[in-house]
Amino acid sequence: MSMESSRKLVEEKNLRHIAFIMDGNGRWAKKRGMPREFGHKEGAKVFRHIVDYCFNTGIKNVTVYAFSTENWKRSEREVSSLMTLFTAYIKDAFEEIRKNDARVIFLGDKNAFSGKLRKQMEKLEKESEKGTYILNVALNYGARAEIVRAVNCLLKEGKTEVSEEDISSRLYTKNSPDPDLIVRTAGEQRLSNFLLWQAAYSEFYYTDTLWPDMNDEEIDRAIEAFGARTRRYGAVV
Ligand code: FPP
């Protein structure tokens, strides 16, 4: 498999949205006798590269799970190193989005972040509003909280009965189609409160590769596996 064959499959199989649970940064660092933060730093580099690669294959929506509502329970040192990485990414992203015709959307409750970081997140969302390629970055995200928030929005609007479309269109992911493929690295096979509603018909791809070791070939393999699946959406074909 190569970029060219991936491009073909993305087009043929209509792969519109890929999502990643970026797991294994801590283990990657531990294997090298380094602190967990070192793994996150490498993970952030790999994240930038993988997002570019996916967009280059023609996939129009990429979502990454960067920080869950549970991740605040990690040590202060680890949380603070992650915040530093997010801040650095956002700073660089203003230029990246222009070059790549990309739009960045943050999934999750921004109120938990420092005022300065929150403002930068909002500014990046606003400035990239017109971009074609959507990058959803889940930060302080939890899928159940997202669904509850959508329902509360609907109640506030005065609705007494709701449709699936009502809920979908009030989720943080409202600008993207549901994910076609969800990739989780580092050998774990669970969803961990990620995109519960949106994953109803997603295909899953698991790899033992730790996130900082992810590369183009792994993405090609995931796309190839997706290409070999038959999606039935509950029907008989
Ligand atoms: C899971 O690995 C990873 C995270 C909780 C953080 C993900 C963050 C990044 C990849 C870097 C920054 C991203 C952006 C958007 C700039 P883990 O720490 O749970 O690994 P372990 O299971 O081996 O301990």
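Here Val237 fits the description: out of contact with any Asp or Glu (no Cβ under 9 Å at 6 or more places or on another chain), over 19 Å from Leu107 (Cα atoms), at pLDDT below 95 and surrounded by fewer than 18 Cβ atoms within 10 Å (Cβ to Cβ). Tallying residues that are free of Cβ contacts under 8 Å to residues at least 40 places away in the same chain, surrounded by 11 or more Cβ atoms within 10 Å (Cβ to Cβ) and within 20 Å of Ala199 (Cα to Cα) within region 213-230 yields 2.
With respect to Trp72, determine if the residue is surrounded by fewer than 19 Cβ atoms within 10 Å (Cβ to Cβ), modelled with pLDDT of 95 or more and of a type in the set (Phe, Trp, Tyr). Taking the combined requirement at face value, the residue satisfies it. Looking across region 30-40, not a single residue is small (Gly, Ala, Ser) and near the ligand (Cβ under 6 Å from one of its atoms). State whether one or more residues within region 146-155 are out of contact with any Ser or Thr (no Cβ under 6 Å at 6 or more places or on another chain), over 22 Å from Met22 (Cα atoms) and charged (D, E, K, R). Looking through region 146-155, at least one residue is out of contact with any Ser or Thr (no Cβ under 6 Å at 6 or more places or on another chain), over 22 Å from Met22 (Cα atoms) and charged (D, E, K, R). Residues being surrounded by 18 or more Cβ atoms within 10 Å (Cβ to Cβ) and more than 19 Å from Val79 (Cβ to Cβ): count how many of those fall in region 122-141. Of the residues in that region, 6 qualify. One residue stands out among those in region 98-121 that are within 19 Å of the chain's Cα centre (by Cα) and over 26 Å from Glu37 (Cα atoms): the one that is surrounded by the fewest Cβ atoms within 10 Å (Cβ to Cβ), which is Asp101. Checked against the criteria, Arg27 does not count as more than 9 Å from the ligand (Cβ to nearest atom) and either assigned to a helix (DSSP H, G or I) or buried (at least 19 other Cβ atoms within 10 Å of the Cβ) (or both).
When Ile18, Ile59 are checked against the criterion of being modelled with pLDDT of 95 or more, in contact with a Cys (Cβ under 6 Å, 6 or more places away or on another chain) and within 27 Å of Glu129 (Cα to Cα), Ile18 stands alone in meeting it. Within region 42-76, being within 9 Å of the ligand (Cβ to nearest atom) and over 19 Å from Phe106 (Cβ atoms) holds for Glu42, Lys45, Val46, Arg74. Determine whether Leu85 is more than 10 Å from the ligand (Cβ to nearest atom), more than 30 Å from Ala200 (Cβ to Cβ) and of a type outside the set (Lys, Arg). When the stated conditions are applied, Leu85 does not pass them.
The values are calculated or read from the model by the stated rules, or taken from the named source; none is laboratory data. Just so it is clear, the structure is predicted and the values come from calculations on it, not from any experiment. Positions of Cβ are generated from backbone atoms using ideal geometry, with glycine treated the same way; all protein chains shown enter the neighbour counts.
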